[in-house]
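The values are calculated or read from the model by the stated rules, or taken from the named source; none is laboratory data. Here the structure is a predicted model, which means the values were calculated and not measured. Neighbour counts run over all protein chains shown; Cβ positions are idealised from the backbone, glycine included. The area values use the complete protein model at the heavy-atom level, side chains included, leaving out ligands, DNA and RNA. Shrake-Rupley method; radii C 1.70, N 1.55, O 1.52, S 1.80 Å.
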Amino acid sequence: MSEVIKTDVLIIGAGPCGLFAVFELGLLDMKTHLVDILDKIGGQCAELYPEKPIYDIPGIPMVTGQGITDALMEQIKPFHPTFHLNEMVETIKKVGDPLFRVKTDAGKEFEAKVVVISAGGGSFQPKRPPIEGIEAYEGTSVHYAVRQMEAFRGKRILIVGGGDSALDWTLNLAPLASHLTLLHRRDAFRAAPDSVNKMMALVAEGKIDFVLGQVTSLEGENGELGYAVVKRNDGSTFRIACDALLPFFGLTMKLGPVANWGIEMKDGELIPVDTATFETNVPGIFAIGDINWYPGKLKLILSGFHEAALMSQKAHRYVYPDKRLVFQYTTSSSSLQKKLGVA
Ligand SMILES: Cc1cc2nc3c(=O)[nH]c(=O)nc-3n(C[C@H](O)[C@H](O)[C@H](O)COP(=O)(O)OP(=O)(O)OC[C@H]3O[C@@H](n4cnc5c(N)ncnc54)[C@H](O)[C@@H]3O)c2cc1C
């Protein structure tokens, strides 16, 4: 069992609102750790629309999803937050007044005086293709993400899909695979044109196969895949020998374990908060960003930024019960400027 990580504030979710919370908490001297299920920082902005322009961030006429993530990372640099990616928070247990024990699915344990839930719409989950019996192969032969490329060395790989993930992994895994087939239902792709060109070049060189069609069933034993049965667009079927099937059909959002944390919920999926502090019904646990609810709530990034600022004022009372908080501007406070490394 690894050591318990102690921190002032544990932030669940490294989307834009979780990131800005690091800044507001940091200005008030609170140290933060962030946990996110994704392998990257930025929540919906980085995962769902990295290249799309956003036009309603105050003071920034246009920024992309990835651009706002990068800017927030730059802004929070002075506060040295610690990120724990690829991990899902599974449980929160109250052990003090307030003090919380938070555990992830990777077995990591935190002890935090304050917990901030900025979990957005919940966890991103891969869309499962409609293939009967696919569950029997999940985790052994069917994978919705590539955690370790080496695990695929020497395997006969079948990748399904026409988006960026399917094309990127086709290009990355082709040199490792004993044989690789990319299967897509049509010959138009949603992926970056450069990736499509590179994939076509590999096909032309005879290094991989590209096949039009859809997987209809799987054949194998004890979770080990042997063949995928593929239906061509003309209705005829054939089998592709494969050890690993990687379907990339996009992501959906599911609430995940948030509902089991003993916090009052609205309609089973949102967390009601007090709009003066953005605290939940459990003292010391706050909820900001898309996950919270109050009358008039708008699921906008700017709402989450405001919520992070007010949340930090109340969080300070728990982390420093004996310290008085003096309101200060970053423009004029030399002590805030020192924390930001600009004075
Ligand atoms: C296509 C699209 C366009 C948009 N355009 C705009 C726009 O123009 N302007 C605007 O203001 N907003 C826009 N939005 C909405 C905006 O992206 C959201 O309001 C914002 O991302 C919410 O931020 P968040 O930090 O609350 O949550 P999210 O960005 O959803 O991040 C939450 C994070 O929490 C993680 N998480 C969830 N559960 C757990 C758990 N148990 N353990 C660990 N991690 C967990 C998730 O993996 C995720 O990374 C758009 C959204 C979409 C989909």
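Observations
- Of Ser332, Ser118, Ser165, the residue with the greatest mean-square motion in the GNM of the chain, using alpha carbon springs below 10 Å, is Ser332.
- Calculated over the stretch 1-56, the projected area of the Cα convex hull averaged across directions stands at 5.2 nm².
- Amide H to amide H distances under 5 Å link Arg156 with Ser178, His179, Asp243, Ala244, where only residues 5 or more positions off or on other chains count and H is placed in the peptide plane.
- Dividing the mean sequence gap of close Cα pairs (under 8 Å, 6+ apart) by how many residues the chain holds gives a relative contact order of 19 percent.
- Eligible lysines near Lys299 by straight Cα distance, threshold 20 Å, same-chain separation 8 or greater: Lys52, Lys254, Lys266
- Computed over the chain, the P(r) tail beyond 30 angstrom holds 46 percent of alpha carbon pairs.
- When Met253, Met199 are compared by accessible surface with a 1.4 Å probe, the order from highest to lowest is Met253, Met199.
- The length gained on full extension between Glu51 and Gln125, counted as 0.36 nm times the residue separation minus their Cα-Cα distance, comes to 24.6 nm.
- Surface accessible to a 1.4 Å probe, Ile92 within the full protein complex, Å²: 30
- Computed from backbone phi, the HN-Hα couplings of the stretch 238-251 come to 8, 10, 10, 6, 7, 9, 9, 10, 10, x, 10, 10, x, 10 Hz, rounded to whole numbers (Karplus: 6.51 cos²θ - 1.76 cosθ + 1.60, θ = phi - 60°; Gly and Pro given as x).
- By the combined test of axial Cα extent (at least 18 Å) and Kyte-Doolittle hydropathy (mean at least -1.0), the qualifying DSSP H helices of the chain come to 301-319.
- The mean accessible area for residues of the chain, using a 1.4 Å probe and ignoring ligands and nucleic acids, is 50 Å² per residue.
- Centre separation in Å (Cα based) which lies between the stretch 256-332 and the stretch 185-239: 47
- For the stretch 147-239, fraction of C-alpha pairs farther apart than 22 Å, in %: 28
- Accessible surface ranking that places the most exposed of Val196, Val9, Val342 first, with a 1.4 angstrom probe: Val342, Val196, Val9
- Length released on extending from Ala201 to Gln328, taking residue separation times 0.36 nm less the Cα-Cα span: 39.8 nm
- Close amide H pairs (under 5 Å, H built 1.01 Å from N) link His84 with Leu34, Val35, Asp36, residues at least 5 positions away or on another chain.
- With all protein chains modelled, accessible area of Ser217 [1.4 Å, Å²]: 40
- Note on the chain: GNM, Cα springs under 10 Å; of Tyr329, Tyr49, Tyr320, the largest mean-square fluctuation is that of Tyr329.
- Gyration tensor (alpha-carbon) shape descriptor, the stretch 242-343, a/c threshold 1.5: prolate
- Cross-link table Lys40/Lys127; Lys127/Lys155; Lys297/Lys338; Lys31/Lys108; Lys40/Lys108; Lys113/Lys323, entries beyond 27 Å C-alpha to C-alpha: Lys297/Lys338
- Working note: Cα gyration tensor of the stretch 191-258, eigenvalues times five, square-rooted, sorted largest first, giving semi-axes of 25, 22, 13 Å.
- Share of carbon and sulfur in the accessible heavy-atom surface of the stretch 56-131 [1.4 Å probe, %]: 53
- The stretch 35-97: translational diffusion in µm²/s, Stokes-Einstein, Kirkwood Rh over Cα pairs, 25 °C, 0.890 mPa s: 181
- Using Cβ point charges alone (K and R +1, D and E -1), the dipole size of the stretch 2-145 about the Cα centre works out to roughly 240 debye.
- Residues listed by number, the stretch 200-217, amide nitrogen under 16 Å from Arg232 label point at 7 Å toward C-beta: 210-216
- In the elastic network of the chain, a GNM with C-alpha springs shorter than 10 Å, the most mobile of Gly26, Gly220, Gly296 is Gly296.
- Annotation: extensible slack from Ser335 through Lys266 equals 20.8 nm (criterion: 0.36 nm per residue apart, minus Cα-Cα distance).
- Summary: within the chain, the longest segment free of GluC sites (Glu not before Pro) located in DSSP loops with at most 13 other C-beta atoms within 10 Å is 52-131.
- Sulfur and carbon atoms: percent of accessible area, the stretch 205-343 [1.4 Å]: 51
- Antiparallel %, DSSP beta bridges [both residues in the chain], to 5: 45
- Most to least accessible of Trp261, Trp169 (protein chains only, probe 1.4 Å): Trp169, Trp261
- Stokes-Einstein translational diffusion, the stretch 228-296 - Kirkwood Rh over all Cα pairs, 1.306 mPa s, 10 °C, in µm²/s: 99
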